[in-house]
1. Taking only pairs six or more apart or across chains, which ones have beta-carbon atoms under 8 Å, a first residue in the stretch 95-112 that is of a type in the set (S, T, N, Q) and surrounded by 11 or more Cβ atoms within 10 Å (Cβ to Cβ), and a second residue that is part of a strand (DSSP E or B) and at pLDDT below 50?
2. Counting only residues that are part of a strand (DSSP E or B) and hydrophobic (A, V, I, L, M, F, W, C), which one in the stretch 153-183 is modelled with the lowest pLDDT?
3. Take the stretch 218-228 and flag every residue that is over 9 Å from Lys116 (Cα atoms) and part of a loop (DSSP other than H, G, I, E, B).
4. Tell me yes or no: at least one residue of the stretch 239-246 is at pLDDT below 85, surrounded by 13 or more Cβ atoms within 10 Å (Cβ to Cβ) and not in a strand (DSSP E or B).
5. For Pro82, indicate whether it is within 21 Å of the chain's Cα centre (by Cα), in a loop (DSSP other than H, G, I, E, B) and modelled with pLDDT under 80.
6. Could you list, ordered by first residue, the pairs with Cβ atoms under 7 Å in which the first is in the stretch 12-41 and over 14 Å from Ala70 (Cα atoms) and the second is basic (Lys, Arg), at least 6 apart or interchain?
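The values are calculated or read from the model by the stated rules, or taken from the named source; none is laboratory data. Nothing here was measured: the structure is a model prediction, and the numbers come from that model. Neighbour counts are summed over all protein chains in view; Cβ atoms, including those assigned to glycine, are modelled from backbone coordinates with ideal geometry.
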Amino acid sequence: MDMEQKMEAGSDKKKLKIMLSYWIDHNREHMLDNEKWLSRAGEMGFKKVAGDIKKAIMLLEKSNRYIESANKRMAGDRPLNPSKIFKKGKDSEGSGPARSANGAKSFEFTQIGVIKTPYIDNAPYQPVQEDEGDFHIDIYPQYVNGLLALNEFRYIYVIYYIDRVKNEQSMTVSPPWTIGAEVGVFASRSPVRPNFIGLSVVKIRNIEGNKIFTSGLDVFDGTPLLDIKPYLKDLDSKEDANYGWIRDMDGDEHLLLHIKGIPHDY
């Protein structure tokens, strides 16, 4: 069934859902094509033309964020801030990050891509390397050059905005696999944190254009990407690291299977 047939078959609400998803994908294709010609215009020495194309890409990306926000609203999910993930403001002196009543600063982050996974309603607690399904990261066109030489690494840190947290924030949490144990949120991997920033280590399977194909990721489909960093042997692996409070619990070997995302029958 093509796009026109789908539109004719559904209600206005269904049509709008279809169109929103179509516009998002269509705009991304345009941004990739624009990025290619931005690079080509620069190579030909047309600097002002390249500047105009770059501005057009930025506007198209901003437009897509509004459409993505509308799409999330239609799906009943928590919408993104269309322009920025965290709002930036000014303090009383007229410069620098905004401050709350207790003096805490507010910072600005920009979404640089989107994470694609098979998970819509449920996701594992940790990445499962051999997980089945399509796992990849779409980098927005203006950041594609940042992938240069990334394919020489085996693993990467994926840093993202946890945009679908529904639980109320608390400074103490009870991880579901601990059967009631209470610990501080900073002593846990809970997604319900003061700042909804997630971190996963995954294996690079392949990089094609703006797409990074990876091993299993523990996030929902459509999660906003904030950053990517290479995982370095020795630097990022500490031989004397331990399991903290988890080792003091009954059945800790069983709990470690949950933490590592290893499938098991008991």
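1. Ser106/Phe86
2. Selected residue: Val173.
3. Asp218
4. Looking for residues that are at pLDDT below 85, surrounded by 13 or more Cβ atoms within 10 Å (Cβ to Cβ) and not in a strand (DSSP E or B), one finds at least one in the stretch 239-246, hence yes.
5. Taking the combined requirement at face value, the residue satisfies it.
6. Leu38/Lys54
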